[in-house]
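**Q** Submitted below is the structure of interest, expressed as structure tokens.
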Amino acid sequence: MTTYVGTVRDPAKQAKWVGITGIVLGVAAFWSAIPPFTSRTPVLPAVFGILAIFCGIAVVTRGERKLGWGAIATGLLGIGLGYLATRSSTGNLETVFRADLIASMLVFATPLTFGALGGMFSERSGVVNVGLEGMMLMGAFFGVYGAGKTGSWVLGLGIAMLAGGLMAAVHAFFSIHLRADQIVSGMAMNFLALGITGYFFTQLYHGKDVPTGISTIPNVSIPAVKNWAYIGPAIGDLNLLIWVAIVLVPISSIVLFRTPIGLRIRACGEHPRAADTVGINVYAVRYGAVILSGVLAAMGGAYLSIGFGGGSFTDNMTAGRGFIALAAMIFGNWRPFGAWGAALLFGFSTALAFRLPAYSGSAATLFQALPYVLTLIAVAGLIGRSIPPAAVGRPYRKQ
């Protein structure tokens, strides 16, 4: 008898890739009708959108409903937006969808990326950290204060990270050592940070603008790319922390899923009792993960003040970005690349909100609510389907 050995194919994995292809085709349906493409016919968006819908239907029939319906919705949305784009004037399209829209998306996504990665490490270890907003705000204030006092943005960034880490350590002490309610503790950190930064801003700067001339985080210019058509304005001259955030995404994935320390973090978030049984110090791992989350969130805050902000600070300048970062983390299913993708989505919606008034100046204020509305839709639609770490939010008592 002859035995034939073939390649074993995983139907679930195949369905996943078909669904991802459908989502990409749905995005292409809209992208094909905006700059740098100049097609003014709705045929191309329709073709891409229909292919995306077919991919979604195929995935739904294989049981992957979430990904399949996502591809179908993306295809329908791509057809609709693509058709509207072909009916829009070329001038408005070039104003709204200039090449620097990608740069703006990365600018707005960077603090969310830092916050989402920080929240991911904390919650993967089993501690909910809704205090990211406060830790980000501490980083924003002490980043600009440290840079102003020392004359160095490097030291300013270090002071910001220290401030965020200390705030996170307080949250860790209440959540891990005292076993307090982690949601309440995190919200207390937000109010505490708001009070601390408001007080020192009034005492040190009299509640006015920070003096000019503060050392700021530089941009990284890429001469070989800077003059390229479309690509150059998009990525040719970006702030250093934008690149740091991008690099941290694969590093976080490797650390979390390919290293022993990552395994320990995930074990403490899934089954701390079993982790303790094999000799893992659950308390130490959770303390380290929470403090790391504060450091990362503070880097996002420092980017707002001495990076994108150009050496400035205003009361509550984070403006809810810490909470949007939490939504990005949930949207990304507690995974680095998923969280980054969600941060890019929210960043794109924010960048787009600043450009849509080209179509209607009277609706400018309404457009500014777009990223927050998208956050609500994302969390409301996915919070019941995303699977958090099994022991997240549960205080651990060593026996």
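The values are calculated or read from the model by the stated rules, or taken from the named source; none is laboratory data. Just so you know, these numbers come straight off a predicted model, no measurement behind them. As a convention, Cβ positions derive from the backbone with ideal geometry for all residues, glycine included, and neighbour counts pool all protein chains shown. To get the accessible areas, we keep the full protein, side chains included, count just its heavy atoms, and leave off ligands, DNA and RNA. Shrake-Rupley method; radii C 1.70, N 1.55, O 1.52, S 1.80 Å.
**Q** Which residues, counting only those in the stretch 318-333, are buried (at least 23 other Cβ atoms within 10 Å of the Cβ) and of a type in the set (S, T, N, Q)?
**A** Residue satisfying the conditions is Thr318 alone.
**Q** Could you please find all residues in the stretch 334-351 being open to solvent by 10 Å² or more (accessible area, probe 1.4 Å) and among the hydrophobic types (A, V, I, L, M, F, W, C)?
**A** Selection gives Trp334, Phe337, Trp340, Leu344, Leu345, Phe348.
**Q** Also, quick follow-up: Can you pull out the residues in the stretch 11-26 that are of a type in the set (A, V, I, L, M) and either open to solvent by less than 80 Å² (accessible area, probe 1.4 Å) or at pLDDT below 85 (or both)?
**A** Ala12, Ala15, Val18, Ile20, Ile23, Leu25
**Q** Cβ-Cβ below 9 Å, separation at least six or inter-chain, first residue in the stretch 144-165 and among the acidic types (Asp, Glu), second open to solvent by 60 Å² or more (accessible area, probe 1.4 Å) and in a helix (DSSP H, G or I): which pairs?
**A** none
**Q** On the basis of being out of contact with any Cys (no Cβ under 9 Å at 6 or more places or on another chain), of a type outside the set (Gly, Ala, Ser) and farther than 30 Å from Gly341 by Cα, does Val244 make the cut?
**A** The answer is no for Val244.
**Q** Restricting the first residue to the stretch 171-196 and requiring it to be of a type in the set (S, T, N, Q), which pairs with a second residue that is open to solvent by 50 Å² or more (accessible area, probe 1.4 Å) and assigned to a helix (DSSP H, G or I) meet a Cβ separation below 8 Å and a spacing of at least six or different chains?
**A** Matching pairs, first to second residue: Ser185/Phe174.
**Q** Further question: Check the stretch 103-111 and report whether any residue there is assigned to a loop (DSSP other than H, G, I, E, B) and modelled with pLDDT under 90.
**A** So far as the stretch 103-111 goes, no, none of its residues is assigned to a loop (DSSP other than H, G, I, E, B) and modelled with pLDDT under 90.
**Q** Within the stretch 350-364, identify whether any single residue is modelled with pLDDT of 70 or more and within 15 Å of the chain's Cα centre (by Cα), and answer yes or no.
**A** yes
**Q** Provide a single number: the residues in the stretch 81-96 that are open to solvent by less than 30 Å² (accessible area, probe 1.4 Å) and at pLDDT 70 or above.
**A** 4
**Q** Would you tally the residues in the stretch 305-317 being assigned to a helix (DSSP H, G or I) and open to solvent by less than 10 Å² (accessible area, probe 1.4 Å)?
**A** 2
**Q** Tell me which residues, restricted to the stretch 39-60, are assigned to a helix (DSSP H, G or I) and either β-branched (Val, Ile, Thr) or touching a Ser or Thr at 6+ places or on another chain (Cβ under 7 Å) (or both).
**A** Val43, Leu44, Pro45, Val47, Phe48, Ile50, Ala52, Ile53, Cys55, Ile57, Val59, Val60
**Q** Being surrounded by 19 or more Cβ atoms within 10 Å (Cβ to Cβ) and more than 20 Å from Thr110 (Cα to Cα) narrows it down to one residue among Ala289, Ala297; which is it?
**A** Checking each option against the conditions leaves just Ala289.
**Q** Sort out which residues of the stretch 187-213 are open to solvent by less than 30 Å² (accessible area, probe 1.4 Å) and of a type in the set (A, V, I, L, M, F, W, C), and write them in order of number.
**A** Within the stretch 187-213, Met189, Ala193, Phe201, Val210 qualify.
**Q** Identify, from the list Ala343, Ala289, the residue that is touching a Phe, Trp or Tyr at 6+ places or on another chain (Cβ under 7 Å), farther than 20 Å from Phe142 by Cα and modelled with pLDDT of 90 or more.
**A** On the way: Ala343 fails: touching a Phe, Trp or Tyr at 6+ places or on another chain (Cβ under 7 Å).
Among Ala343, Ala289, only Ala289 is touching a Phe, Trp or Tyr at 6+ places or on another chain (Cβ under 7 Å), farther than 20 Å from Phe142 by Cα and modelled with pLDDT of 90 or more.
**Q** Go through the stretch 198-222 and count every residue that is at pLDDT 80 or above and more than 15 Å from Trp153 (Cα to Cα).
**A** Counting residues in the stretch 198-222 that are at pLDDT 80 or above and more than 15 Å from Trp153 (Cα to Cα) gives 11.
**Q** Going through Val144, Val154, Val128, Val184 one at a time, which residue ends up being farther than 22 Å from Gly307 by Cα, part of a helix (DSSP H, G or I) and either open to solvent by 10 Å² or more (accessible area, probe 1.4 Å) or out of contact with any strand residue (DSSP E or B) (no Cβ under 7 Å at 6 or more places or on another chain) (or both)?
**A** Residue meeting the stated conditions: Val184.
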